[in-house]
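Working notes for the structure below.
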Number of protein chains: 2
Amino acid sequence: MTRAYSFDPLPEPVVEPGEFVFAAVGLDHGHIHGMVEQLVAAGATLSLVYDPDASKIADFLRRFPQARAAASEREVLDDPTVRLVASASIANRRAQLGVRVLDAGKDFFADKPAITTLDDLAAARDAVARTGRKYAVYYGERVHSEAALFAGQLIEQGAIGRVLQVASFGPHRIGSGRADWFYDPEQYGGIICDIGSHNFEQMLHYTGATSGEILSSTVANYAHPETPGLQDFGDAHVVLDNGATGYVRVDWFTPAGLDVFGDGRTTLLGTNGYIELRKYTDITTDNGGNQVLLVNDEGQFRFDATGRTGYPYFGRLIRDCLDRTDFAMTQEHAFMAAELSIIAQRQARVLAG
Amino acid sequence: MTRAYSFDPLPEPVVEPGEFVFAAVGLDHGHIHGMVEQLVAAGATLSLVYDPDASKIADFLRRFPQARAAASEREVLDDPTVRLVASASIANRRAQLGVRVLDAGKDFFADKPAITTLDDLAAARDAVARTGRKYAVYYGERVHSEAALFAGQLIEQGAIGRVLQVASFGPHRIGSGRADWFYDPEQYGGIICDIGSHNFEQMLHYTGATSGEILSSTVANYAHPETPGLQDFGDAHVVLDNGATGYVRVDWFTPAGLDVFGDGRTTLLGTNGYIELRKYTDITTDNGGNQVLLVNDEGQFRFDATGRTGYPYFGRLIRDCLDRTDFAMTQEHAFMAAELSIIAQRQARVLAG
């Protein structure tokens, strides 16, 4: 007899129009669209947008016509109605922007990697302590993934017992037409810090750990000599502070034959079963993404998480900003995921291509 | 347009009856059945069997009635017609038996882990050098897996370009009724040395490396306090000498709901695509095992390797013994897989349960 799982209701808007006003500053990565879209879906009111590049603002306004272009970052920071600034600027500039945002008395919501150096991390932690404001991070591969959220609900209900390991594979397609900064490791932070940061967040989240130690990590540029600053491969082996382990591999080797940007997988090993997430596609089938496969002592179960969870993170973040609570994600969790990813990046063995 | 792959013909017996006579000594692990069965299928003639436990001999003879029970190991070693001795004795006794077999002028074919300590490895290497005989190892998760062999043929034809990483997951079911030595790490060698040795062999094989370095490894007994000597979890992060990487996780957490002993997976990442092996089952489907999924620039392809490759290793081993060649597997490859697994085991961080 299979136990019955229950799942949270889909999230609804958490505020009335005008109750939570936010702005977007720094449009260098397309993630800003998902961040803004989901804040708006949760009820937030988008007021201002700023980027030094007018063409990026124009693109943004086509998508979000309710916004108004600000003349400068300063205009946004000086606007007392703006409670939160969302940003997907060039990665290594996010932390300094974040500190300015916090010092202006607002909360900050950065695309990952939100921070690329330990110095910037210390500065961000200081700013949070000094201002009491939030430095939230968009770890979209969990908080904006129904497969990942659905798995979280299964785990909370004991579907696989204690989580012993989070192993994840995050291949991505490099494609063409990316901006120069995508090829400069100082600017994008290195592959482990950049796309790997998602996975450190997931290791901490699913295992319930609060910190960890990087046992080993590697990076390489195996096959892209024309862009020597691209790290097309990275991996890391981690032990969490509660004795669980994590492994992550990220790469830029998604082949042309894949129908999505990458065959992202996560395997969650528990004492009483395991869950496999086929997040964006289920190769050689027409199942689509968001496939959650559960094997435990009761049998084998497949869930299509599409439309099953929504993205409650964004409404919780809004409420947290208004209520000064911590339900979306704790500050230290967001920072610790960044810290682990930066350390794994710094100490990575650079492999011969 | 998809390229056409060609696959090797199924293997046939390589010798006539009586042309290659072998014996089995040491029946502690059931793997001996697969080893003997495949040698016989390749044409070898089974003559003698010996184990100190008469009931194990009786079981073996029910399965292989063509064999005759020897009175002692000595009888086997002194029989000039026996060219090779196959063994699945208790793991930490295999090397010493192997040295005796080689010194008796015969070739040796050991279940994995064929060797559990660096001292025994040195002794085995010495014996090979001294006698010119072979110390072959049954790395069954590749040489006795059609999925694994089929993938090898795809890789040889360039289906995914250069192999950059071998990541494998080897969950196993501990079940009940295993002999005491399965719970004594000195005797079974530790989980990484034991079931992980398969995966080191695969890392070397698929990437074409000849050695490697263990970057980090861990072992734990997370959930079996009643058998403190059981390591129910182990993993290792490896860099190969050609710059490729490997990661392996092994565990004893196969849940009751799985229809096979373990959901063995291998992902082979190449510069131009990747291959996923679902070796023993394809969870939540009725596809069965031996599923080989290939994604490259030409598309997504699924192969059921069942019945497609057979197990040419065994015939090649027989021919290698007769012809003093090296086609089945080089000696150094077999030893290096053992060496890496022993080192990973020795230097593993022991995690808190």
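Structural remarks
- Of the strands (runs of 3 or more DSSP E) lying entirely inside the range A:195-312, the ones with 3 or more residues being touching a residue at least 40 places away in the same chain (Cβ under 8 Å) and more than 7 Å from every other protein chain (Cβ to nearest Cβ) are found at A:212-220, A:233-240, A:245-251, A:265-270, A:273-278, A:291-296.
- Filter result (under 30 Å from A:VAL239 (Cα atoms), surrounded by fewer than 19 Cβ atoms within 10 Å (Cβ to Cβ) and more than 10 Å from every other protein chain (Cβ to nearest Cβ)) within the range A:160-182: A:HIS172, A:ARG173, A:ILE174
- All conditions in (1) more than 16 Å from the chain's Cα centre (by Cα); (2) over 30 Å from A:GLU16 (Cα atoms); (3) not aliphatic (A, V, I, L, M) hold for A:SER341, with the sole exception of (1).
- Residue within the range B:48-67 that is in contact (Cβ under 8 Å) with a residue 24 or more places away in the chain, aromatic (Phe, Trp, Tyr), open to solvent by 40 Å² or more (accessible area, probe 1.4 Å) and under 19 Å from B:ALA114 (Cα atoms) present: yes
- Considering residues of the range B:1-39 that are open to solvent by 50 Å² or more (accessible area, probe 1.4 Å) and of a type in the set (A, V, I, L, M) only, the residue nearest to B:LEU77 (Cα to Cα): B:LEU10
- All conditions but one from (1) part of a strand (DSSP E or B); (2) not assigned by TED's automatic domain parsing to the domain that holds B:THR218 apply to B:ASP326; the one that does not is (1).
- Scanning the range B:330-353 for residues that are surrounded by fewer than 22 Cβ atoms within 10 Å (Cβ to Cβ) and either in a helix (DSSP H, G or I) or more than 14 Å from every other protein chain (Cβ to nearest Cβ) (or both) gives B:THR330, B:GLN331, B:GLU332, B:HIS333, B:PHE335, B:MET336, B:GLU339, B:ILE343, B:ARG346.
- Hey, B:GLY105 free of Cβ contacts under 8 Å to residues at least 60 places away in the same chain, of a type in the set (Gly, Ala, Ser) and open to solvent by 10 Å² or more (accessible area, probe 1.4 Å) or not: yes
The values are calculated or read from the model by the stated rules, or taken from the named source; none is laboratory data. For clarity, every value in this text was computed on a predicted model and none was experimentally measured. Backbone-built Cβ (ideal geometry, glycine too); neighbour counts: all protein chains shown. Ligands, DNA and RNA are excluded from the accessible area calculation, which covers all protein heavy atoms including side chains. Shrake-Rupley method; radii C 1.70, N 1.55, O 1.52, S 1.80 Å.
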